[in-house]
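A.B. asks: My questions all concern the structure below.
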There are 2 protein chains.
Amino acid sequence: MLGLDPDPAALWPVAVETARDLSGGPAELTAAAVERHCRAAIEAVGATVVAIKPQLACFERLGAPGWAALQATIDAAHDAGLLVLADGKRGDVPVTAKAYAQALVGSTPGPFGEVAGLGADAFTANPLLGRDALEPLVSAARTAGACCFCLVRTSNPGAADVQDLPAPDAPLYERLAALVHELGEVGDSGLADVGAVTGATRPEMLGRLRELMPHAIFLLPGVGAQGGDVAALGAAFEPHPAAALVTSSRSIVNAHEKRGGDPADAAAAAAEELRKSAWKLSGRG
Amino acid sequence: MLGLDPDPAALWPVAVETARDLSGGPAELTAAAVERHCRAAIEAVGATVVAIKPQLACFERLGAPGWAALQATIDAAHDAGLLVLADGKRGDVPVTAKAYAQALVGSTPGPFGEVAGLGADAFTANPLLGRDALEPLVSAARTAGACCFCLVRTSNPGAADVQDLPAPDAPLYERLAALVHELGEVGDSGLADVGAVTGATRPEMLGRLRELMPHAIFLLPGVGAQGGDVAALGAAFEPHPAAALVTSSRSIVNAHEKRGGDPADAAAAAAEELRKSAWKLSGRG
């Protein structure tokens, strides 16, 4: 999966150059460049990945033009036949969780007709607020035929501060894994519609997490720039070749910084290597 | 504090009527009506509250026009001399947390100059990802002279599923409270720049939370529609008259549904009652 975390200070040069002649202030021009950058990345690696994972933070920091660039990026990915996982790690009390669900995979009724949301095929959610706060997200995802990925054990070092606390006799992330298992509905594929974000940086945890969530799709961020190694992730793929999604952002989009050459060619080559490693693990390679 | 969680299906009639003649699709017209609704609510209760708390979910479900309405609402509140607490409960790994901080209280450098963020005076954050994920948010808030409110014990029933788990010998929310206390820097006022979201629906927890966070400002959502009672919140105000912020959304903005009459008049009366109750508790009334 191609992570899109566009950093306006490190966009592909072609995206910046073609945005330069447009009219608008810094927000409009930067958002236009971000959109072009994302479109170019989708074009470069679209044949190698099954989905994109736009990082909502990177778009919303550009205000309304950034949100428009996010929508355009999602639409471009759909046009290219790719799935879209909106990575916003949203979570709030039930009435607000429902509004987030409308934004991500639903629509909002109003006095001038229905307002469409982002139209994502999947999204990430934060489970700190408990089951009642997850339910509107899971339910909206189910209605839309989408997948809700709950944070279970994230890839950052600080995850240990909260997620690893013994609560009461197993780490908190095991309780979150149980919640994911309980909330998911298993389809004909044998996979559930509630997945888990399980960082690739601590692969030794994956066996136990797979025991606790036999049907969940694992989203494995942290490969590449964050230090995760695909070859160590075998346990995540065990039940089904599609039971794990490896996602990589900076190590694909910024591959030219290490490999040299054209950013699009470097990204395509890096994505192809990642695909081969993941397919080998999943028994498809 | 006036919570703004605009529901397009329950906007003040004047906001819908004056948006009807504009051009645009459902998203543009609905966002215009939401903006007018929020401006009218700020005008009606601005003299009674110190701040507004826009709920980001309710704006982003309207796409880019919704984000523009959010920015316009924030600017209108600032023009009215009010503070703005952007309620988005964001949280992610450190590199992404930095992007959220740019969106909320900072700006983003790029090839066409600096892109300004929302310019909020405070925001809410989700601490599930641990200390390293909170630090970029706290640090950006400090630079901007803003306040970061971390979720400690939320107001929904499901909060018990995760936040109340014994971890390892006290509930998880006590560990989150300790994190808030550690991260905060105490200013001349005696109040820290990291606050805590402590739902008003479980007032019996507030005494212990105040012990653990003697300098934190408590944000107390859940008064009114969610069932919280202001009179029970005394412990939150103990150290300082400004040590607690009572926030109410639907019971102010939708006050006309119960009281009848003009929505603006009903909102002003409901806000005034809430202010009196809170000031009495804080020793200012």
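A.B. asks: List every residue whose amide H lies under 5 Å from the amide H of residue B:245, counting only residues 5 or more places away in sequence or on a different chain, with H placed 1.01 Å from N in the peptide plane.
C.D. replies: HN-HN under 5 Å from residue B:245: B:218, B:219, B:220.
A.B. asks: From the gyration tensor of the Cα coordinates in the protein assembly as shown, what semi-axes in whole Å does the equivalent ellipsoid have, largest first, with each one equal to sqrt(5λ)?
C.D. replies: Details: eigenvalues 275, 160, 92 Å².
Value: 37, 28, 21 Å, ordered largest first.
A.B. asks: Divide the volume of the convex hull of the Cα atoms of the range B:23-93 by its number of residues and quote the answer in cubic angstrom per residue.
C.D. replies: Details: hull volume 6.3 nm³, N = 71.
In the range B:23-93, the Cα convex hull volume per residue is 89 Å³.
A.B. asks: Among DSSP beta bridges lying fully in the protein assembly as shown, give the percent that are antiparallel, nearest 5.
C.D. replies: Details: 8 of 60 bridges.
If I count the DSSP bridges inside the protein assembly as shown, around 15 percent turn out antiparallel.
A.B. asks: In terms of modelled amide H atoms, which long-range or inter-chain residues lie less than 5 Å from the amide H of residue A:152?
C.D. replies: A:197
A.B. asks: Could I ask something else about it? Can you tell me the convex hull volume per residue for the range B:149-259, based on C-alpha atoms, in Å³ to the nearest whole number? Can you show the working numbers first?
C.D. replies: Numbers: hull volume 10.9 nm³, N = 111.
Given the Cα convex hull of the range B:149-259, per-residue volume reads 98 Å³.
A.B. asks: With only alpha-carbon atoms in the gyration tensor, what are the semi-axes of the equivalent ellipsoid for the range A:47-147, in Å, largest first? Write down the numbers at each step before the final one.
C.D. replies: On the way: eigenvalues 91, 52, 40 Å².
Ellipsoid semi-axes (Å, largest first): 21, 16, 14.
A.B. asks: Moving on to the next point. Report ³J(HN,Hα) in whole Hz for each residue of the range A:153-163, in order, from the Karplus equation J = 6.51 cos²θ - 1.76 cosθ + 1.60 where θ = phi - 60°; Gly and Pro get x.
C.D. replies: For the range A:153-163, the Karplus curve yields 9, 7, 8, 7, x, x, 3, 4, 4, 10, 5 Hz.
A.B. asks: Let me ask another. Choose one of A:93, A:16, A:107: the residue whose Cα lies farthest towards the positive end of the charge dipole of the range A:1-140 (beta-carbon charges +1 Lys, Arg; -1 Asp, Glu; about the Cα centre).
C.D. replies: Farthest along the dipole direction, towards plus: A:93.
A.B. asks: Kindly state, to the nearest 0.05, the FRET efficiency for residue B:75 paired with residue B:178, given R0 = 45 Å and r defined as their beta-carbon distance.
C.D. replies: My answer for the efficiency is 0.75.
A.B. asks: Treating only the Cβ of Lys, Arg, Asp and Glu as charged (+1, +1, -1, -1), what charge dipole size does the range A:1-106 show about its Cα centre? Round to the nearest 20 debye. The partial results should precede the final answer.
C.D. replies: Values: 8 positive and 12 negative charges, 58 e Å.
With Lys and Arg at +1 and Asp and Glu at -1, about 280 debye.
A.B. asks: How many nm is it between the label spots at residue B:259 and residue A:188, if each spot is 7 Å from the Cα in line with the beta carbon?
C.D. replies: Going from the residue B:259 label point to the residue A:188 one covers 5.6 nm.
A.B. asks: Shortest first and in nm to one decimal, what separations exist between residue A:231 and its copies in the other chains, measuring from label points 7 Å along the Cα-to-beta-carbon line?
C.D. replies: Between copies, matching label points for residue A:231 lie 6.9 nm apart.
A.B. asks: Calculate, in nm to one decimal, what residue A:43 and residue A:14 gain on full extension: separation in residues at 0.36 nm each, minus their alpha carbon distance.
C.D. replies: Details: separation 29, 0.36 × 29 = 10.44 nm, distance 1.33 nm.
So the chain would gain 9.1 nm between residue A:43 and residue A:14.
A.B. asks: Still on this structure, I have one more. Mind checking which lysines have their C-alpha under 25 Å from residue B:276, skipping anything on the same chain fewer than 8 residues away?
C.D. replies: Hits, sequence-local ones excluded: B:53, B:258.
A.B. asks: Something else about it: If you count, for every residue in B:79-89, the Cβ atoms of partner chains within 10 Å of its Cβ, what is the mean? Don't jump to the answer; show the numbers that get you there.
C.D. replies: Numbers: counts 0, 0, 0, 0, 0, 0, 0, 0, 2, 6, 10.
Mean number of neighbouring Cβ atoms from other chains: 2.
A.B. asks: So what are the range A:190-230's ellipsoid semi-axes, whole angstrom, largest first, if each one is the square root of 5 times an eigenvalue of the alpha-carbon gyration tensor?
C.D. replies: 20, 11, 6
A.B. asks: Now for a different question. Quick one: putting +1 on the C-beta of Lys and Arg, -1 on the C-beta of Asp and Glu, what dipole do you get for the range A:2-281 around its Cα centre, in Debye to the nearest 20? Please report the intermediate quantities before stating the final value.
C.D. replies: Values: 21 positive and 33 negative charges, 55 e Å.
The calculated dipole for the range A:2-281 is roughly 260 debye.
A.B. asks: Starting with the highest mean, order B:6-16, A:103-113, A:185-195 by the number of other Cβ atoms within 10 Å, averaged over the residues of each peptide. Mind dumping the intermediate values first?
C.D. replies: On the way: B:6-16: 19.7, A:103-113: 22.1, A:185-195: 16.0.
Top to bottom by mean Cβ count within 10 Å: A:103-113, B:6-16, A:185-195.
A.B. asks: Also: Determine the dipole magnitude for the range B:130-285: charges of +1 sit on the beta-carbon of Lys and Arg, -1 on that of Asp and Glu, nothing else is charged, the reference point is the Cα centre, and the result goes in debye to the nearest 20. Don't skip to the answer; put the middle values down first.
C.D. replies: Values: 14 positive and 19 negative charges, 73 e Å.
That gives a dipole near 340 debye.
A.B. asks: Enter the mean number of other protein chain beta carbons within 10 Å of the beta carbon of each residue in B:21-33, as an integer.
C.D. replies: On the way: counts 0, 1, 0, 1, 4, 10, 10, 2, 5, 8, 4, 1, 3.
That works out to 4 on average.
A.B. asks: Note the distances from residue B:22 to each other copy's matching label point, with points 7 Å along the Cα-to-beta-carbon direction, in nm, sorted shortest first.
C.D. replies: 2.1
A.B. asks: Run the label-point distances for residue B:143 please: 7 Å along Cα to Cβ, every other copy, nanometres, shortest first.
C.D. replies: 4.0
A.B. asks: So, one more: Tell me, what HN-Hα J-couplings in whole Hz come from the Karplus equation 6.51 cos²θ - 1.76 cosθ + 1.60 at θ = phi - 60° for each residue of the range B:228-239, using x for Gly and Pro?
C.D. replies: The phi angles translate into x, 10, 4, 4, 8, 9, x, 4, 5, 8, 3, x Hz.
A.B. asks: Can you give me the distance in nm between label points at residue B:211 and residue A:21, each placed 7 Å from the Cα along the Cα-to-Cβ direction?
C.D. replies: 7.0 nm
A.B. asks: Measuring from a point 7 Å past the Cα of residue B:280 along Cα-to-C-beta, which residues in the range B:189-230 have an amide N at less than 14 Å?
C.D. replies: The answer is B:229-230, whose backbone nitrogens lie closer than 14 Å to the label point.
A.B. asks: Rank by packing, highest mean first: peptides B:255-265, B:151-161, with packing defined as the count of other Cβ atoms within 10 Å averaged across residues.
C.D. replies: On the way: B:255-265: 15.0, B:151-161: 22.7.
Ranking, from highest mean packing down: B:151-161, B:255-265.
A.B. asks: Mind checking A:160-169 for the average number of partner chain beta-carbons within 10 Å of each residue's beta-carbon? Walk me through the numbers before you get to the answer.
C.D. replies: Numbers: counts 3, 11, 13, 3, 2, 7, 5, 9, 5, 2.
Taking the mean over all residues of the peptide, I get 6.
A.B. asks: Using only C-alpha atoms and all pairs of different ones, pull out the Kirkwood radius for the range A:87-205 in Å with one decimal. Present the calculation step by step, with values, prior to reporting the outcome.
C.D. replies: Working: mean 1/r = 0.0671 Å⁻¹.
About 14.9 Å, per the Kirkwood formula over Cα pairs.
A.B. asks: If you don't mind, another one. Cα centroids of the range B:232-248 and the range A:42-78: how far apart, whole angstrom?
C.D. replies: 42 Å
A.B. asks: Quick check: Cα centre of the range A:186-201 to Cα centre of the range B:87-147, how many Å?
C.D. replies: Cα centroid to Cα centroid, the span is 30 Å.
A.B. asks: Still on this structure: Quick one: compute the contact order of chain A, relative version, from alpha carbon pairs under 8 angstrom and 6+ residues apart, as a percent. Don't jump to the answer; show the numbers that get you there.
C.D. replies: Working: 541 pairs, mean separation 42.3, N = 285.
In percent, rounded to a whole number, it is 15.
A.B. asks: Then there is this: What value, in deg cm²/dmol to 500, does the helix sum -39500 (n - 2.57) over DSSP H runs of n ≥ 4 give at 222 nm once divided by the residues of chain A? Spell out each step's value before the answer.
C.D. replies: Numbers: 13 runs with 130 residues, N = 285.
Here the helix-only value at 222 nm equals -13500 deg cm²/dmol.
A.B. asks: log10 I(q)/I(0), Debye, Cα-only the range B:213-259, no solvent, q = 0.15, 0.21, 0.27 Å⁻¹?
C.D. replies: So the normalised log intensities are -0.43, -0.71, -0.96.
A.B. asks: For the range B:2-282, give me the percentage of DSSP beta bridges that are antiparallel, rounded to the nearest 5 percent. Mind showing how you got there, number by number?
C.D. replies: Working: 4 of 30 bridges.
Counting DSSP beta bridges with both partners in the range B:2-282, the antiparallel share is about 15 percent.
A.B. asks: Right, something else. Whole number please: convex hull volume per residue of the Cα set in chain A, in Å³?
C.D. replies: Details: hull volume 38.1 nm³, N = 285.
In chain A, the Cα hull volume divided by residue count equals 134 Å³.
A.B. asks: Okay, moving on. In the protein assembly as shown, if the dipole is taken from +1 on Lys/Arg beta carbons and -1 on Asp/Glu beta carbons about the Cα centre, which of A:72, A:26, A:228 is farthest to the positive end?
C.D. replies: Highest projection toward the positive end goes to A:228.
A.B. asks: Still on this structure, please answer the following. Show me B:44-51, B:211-218, A:164-171 ranked by packing, highest mean number of other Cβ atoms within 10 Å first. Working shown, then result.
C.D. replies: Working: B:44-51: 19.6, B:211-218: 22.0, A:164-171: 15.8.
Top to bottom by mean Cβ count within 10 Å: B:211-218, B:44-51, A:164-171.
Read-outs throughout are calculated quantities, based only on the coordinates presented, and are distinct from any laboratory measurement. Keep in mind it's a predicted model, so treat the numbers as computed, not measured. Here the Cβ is made from the backbone with ideal geometry for all residues, glycine too, and neighbour counts use every protein chain on show.
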